[in-house]
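Engineer: I have a structure here, written as structure tokens, and I will follow up with some questions on it.
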Amino acid sequence: MRSILSKAAVTLGAAVAVVSLAAGNAVADPGSTPLRGDIVGVGSDTTQDLTQALGDLYNSEHQRPADWVASWHATGSSPITPKDGAPQITRPNGSSAGINALIADGDAHNLDFARSSRYRGSNPVEANYSFLQFARDGLTYATATTTNVPSTTTTADLHDIYSRSTPNCVPLLKPYVPQLGSGTRQFFLASIGLTENTLGNCAAVSQEHDASVVVGDPNAIAPFSVARGWGVTGLKLNDIDDSVLPPGKTPNTMAEDTPPNGALSPIRVYDRGLYHVIRNSDVSNPKFDNVFGPGGWICTDADAQAVIAAQHFRAADSLDCGTDTP
């Protein structure tokens, strides 16, 4: 079992200082249209703030004419013009949406990477893309601070809650699931032994990591990244017992965390990798390898690792960082 405590790469004070430096001139989305040679990404809501902070810091350490990192958030005005000279596209909202936009771009390099909180899926075209791990995250279920939902729930119970359809919805529970195109949605359903075809209609759709549907509602429950839910007022992050599984489900890889959200100490959560997805043909290109690769800036720069820690994600294992690893 992985533990966030064993992954701390820097002291909290140093990490906070670096995040403040990185975010000093930060704005959601690029502040202006990225240049043609810039390294531009779209996709995951889970890592949009993290990649934004990493990009801001990278750009502050690499003066023009270096190619800067630019990242478009999952939500905001749409359409967007990803970079100079690119056609407008619908803003991709979520990991799968970002990956599909990267695939649709072909070799044009109007987009250069997709942020993803899930690993390669069943679409055979994704074999042409490398999922370069750069951090890890815990996924659990969130409730309101005052709630009718137990503080510990088994994977089998989560399967039951999310598989039900009317008129057999679970009394006193209001389950939410992220929008289509969300990597969190896909990963959560797989973790509790469901697919899109077996997800019940008792679950309502909300924007990924929208705490407003949970806070203040004692019956609400929604999948939530530990890092994204860390310290959100009125939100409680809960403990998952993976020892009780639905029929045919193999055990999940679990992690431990202790977020300041009224949780048990510690809580068990589903462990997942976080990825920057690039074309296989770009993996050996120094332009991309120097940022995303195993010897690249994100994996080896102490300030970059401090940003990851300060946003409450965990560092990737040293042998996994910058490689195509689940």
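The values are calculated or read from the model by the stated rules, or taken from the named source; none is laboratory data. Just so we're clear, the structure is a prediction, and the values are computed from it rather than from any experiment. We place every Cβ from the backbone using ideal geometry, glycine too, and count neighbours over all the protein chains shown. Heavy atoms of the whole protein, side chains included, go into the accessibility calculation; ligands, DNA and RNA do not. Shrake-Rupley method; radii C 1.70, N 1.55, O 1.52, S 1.80 Å.
Engineer: From the residues 156, 267, 183, which one has its Cα farthest along the dipole of the stretch 138-285 in the positive direction, the dipole being from +1 and -1 charges on Cβ of Lys/Arg and Asp/Glu about the Cα centre?
Structural biologist: 183
Engineer: Right, another one. What value does the stretch 106-171 have for Rg/Rh, both radii from Cα atoms and Rh as Kirkwood defines it?
Structural biologist: Reported Rg/Rh, Kirkwood definition of Rh: 1.14.
Engineer: Only Cα pairs under 8 Å and at least 6 apart count here; give the relative contact order of the chain as a rounded whole percent.
Structural biologist: 25 percent
Engineer: Expressed as a whole percentage, what fraction of the accessible surface of the stretch 192-239 belongs to carbon and sulfur atoms when a 1.4 Å probe is rolled over the protein heavy atoms?
Structural biologist: Reported share for carbon and sulfur atoms: 51 percent.
Engineer: Which whole-number percent of Cα pairs in the chain have a distance greater than 37 Å?
Structural biologist: In whole percent, the share of Cα-Cα pairs in the chain beyond 37 Å is 14.
Engineer: Per q in 0.18, 0.22 Å⁻¹, report the Debye log10 I(q)/I(0) for the stretch 78-197, using one uniform scatterer on each alpha carbon and no solvent.
Structural biologist: Values returned for q = 0.18, 0.22 Å⁻¹ are -1.01, -1.29.
Engineer: Right, next: Taking the solvent-accessible surface of protein heavy atoms with a 1.4 Å probe, what is the per residue accessible area of the chain in Å²?
Structural biologist: 40 Å²
Engineer: What is the calculated FRET efficiency for residue 258 to residue 180, with r their C-beta to C-beta distance and R₀ = 41 Å, to the nearest 0.05?
Structural biologist: Efficiency at R0 = 41 Å is approximately 0.80.
Engineer: Considering only protein heavy atoms, what is the solvent-accessible area of residue 49 at a probe of 1.4 Å, reported in Å² to the nearest 10?
Structural biologist: Looks like 60 Å² after rounding.
Engineer: Considering every pair of different Cα atoms, what Kirkwood radius, in Å, is found for the stretch 216-326?
Structural biologist: Mean inverse Cα-Cα distance, inverted, gives 16.4 Å.
Engineer: Take the chain, connect every pair of alpha-carbon atoms lying under 10 Å apart with a spring to form a Gaussian network, then pick out the residue of 126, 61, 208 with the largest mean-square fluctuation.
Structural biologist: Most flexible of the set in this elastic network: 61.
Engineer: Further, regarding this structure: Which log10 I(q)/I(0) values, to two decimals, does the stretch 148-236 give at q = 0.12, 0.15, 0.16, 0.26 Å⁻¹ under the Debye formula with one point per Cα?
Structural biologist: Debye curve over Cα of the stretch 148-236, log10 I(q)/I(0) at q = 0.12, 0.15, 0.16, 0.26 Å⁻¹: -0.33, -0.52, -0.60, -1.65.
Engineer: What's the Cα-based Rg to Rh of the stretch 52-137, Rh via Kirkwood?
Structural biologist: Dividing the radius of gyration by the Kirkwood radius yields 0.96.
Engineer: Let me ask another. Relative to the compact-globule scaling 2.2 N^0.38 Å, provide the ratio for the alpha-carbon radius of gyration of the stretch 161-204.
Structural biologist: 1.09
Engineer: Would you work out if the stretch 33-80 is rounded, prolate or oblate? Take a ≥ b ≥ c from the square roots of the eigenvalues of the alpha-carbon gyration tensor; rounded if a/c is under 1.5, else prolate when a/b is larger than b/c, oblate otherwise.
Structural biologist: Oblate is the answer for the stretch 33-80, as a/c is 1.5 or above yet b/c matches or exceeds a/b.
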